[in-house]
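The values are calculated or read from the model by the stated rules, or taken from the named source; none is laboratory data. The structure presented is a predicted model; accordingly, all values stated were derived computationally and were not measured. FYI the Cβ positions are ideal-geometry reconstructions off the backbone, even for glycines, and counts take in every protein chain you see. Ligands, DNA and RNA are excluded from the accessible area calculation, which covers all protein heavy atoms including side chains. Shrake-Rupley method; radii C 1.70, N 1.55, O 1.52, S 1.80 Å.
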Amino acid sequence: MKLYEVTDAIKMWIRTVQEMYRSEINVEFLTEHKGYLRYIIESANYLAELVVEPEGFHPHRFVWFEALDKRKDSLQKPYFYFDEKNSSIENIIENLSKGISYMIEEIC
């Protein structure tokens, strides 16, 4: 799996998610370059960051997703996802979708 395949798949996925959940989340496109993507995703109770970047000295291969509870009173566990060398694009998209579900389940 190549970085450009991952970035292309995630660009399509994020636009689909943005359209499907437009009343529940807001997606801010911070950076969309050929080899680097960075998005901020916000729901009523969560703030998330999605980063896609070249392999390097970090705990993930290409993809890092982190959703944190922004409420002060009843904090929930954060949702983290880091891809690995053997992760497929399907696996990455599945785990990112779980993160979005985690972010919106509190308001559904």
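Values for this structure:
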{"read-out": "Filter pass, residue 93 being within 13 Å of residue 14 (Cβ to Cβ) and exposed (fewer than 14 other Cβ atoms within 10 Å of the Cβ)", "value": "no"}
{"read-out": "Single residue of the stretch 21-45 satisfying the filter (over 12 Å from the mean Cα position of the chain (by Cα) and aromatic (Phe, Trp, Tyr)) that is farthest from residue 97 (Cα to Cα)", "value": "36"}
{"read-out": "Whichever residue in the stretch 27-61 is in contact (Cβ under 8 Å) with a residue 60 or more places away in the chain and in contact with a strand residue (DSSP E or B) (Cβ under 7 Å, 6 or more places away or on another chain) and, among such residues, is surrounded by the fewest Cβ atoms within 10 Å (Cβ to Cβ)", "value": "45"}
{"read-out": "Subset of the stretch 62-71 (residues that are open to solvent by less than 70 Å² (accessible area, probe 1.4 Å), within 18 Å of residue 98 (Cα to Cα) and of a type outside the set (Phe, Trp, Tyr))", "value": "63, 66, 67, 69"}
{"read-out": "Hits in the stretch 1-26 - residues which are touching a Lys or Arg at 6+ places or on another chain (Cβ under 8 Å) and either crowded, with 18+ Cβ neighbours inside 10 Å or outside any helix (DSSP H, G or I) (or both)", "value": "7"}
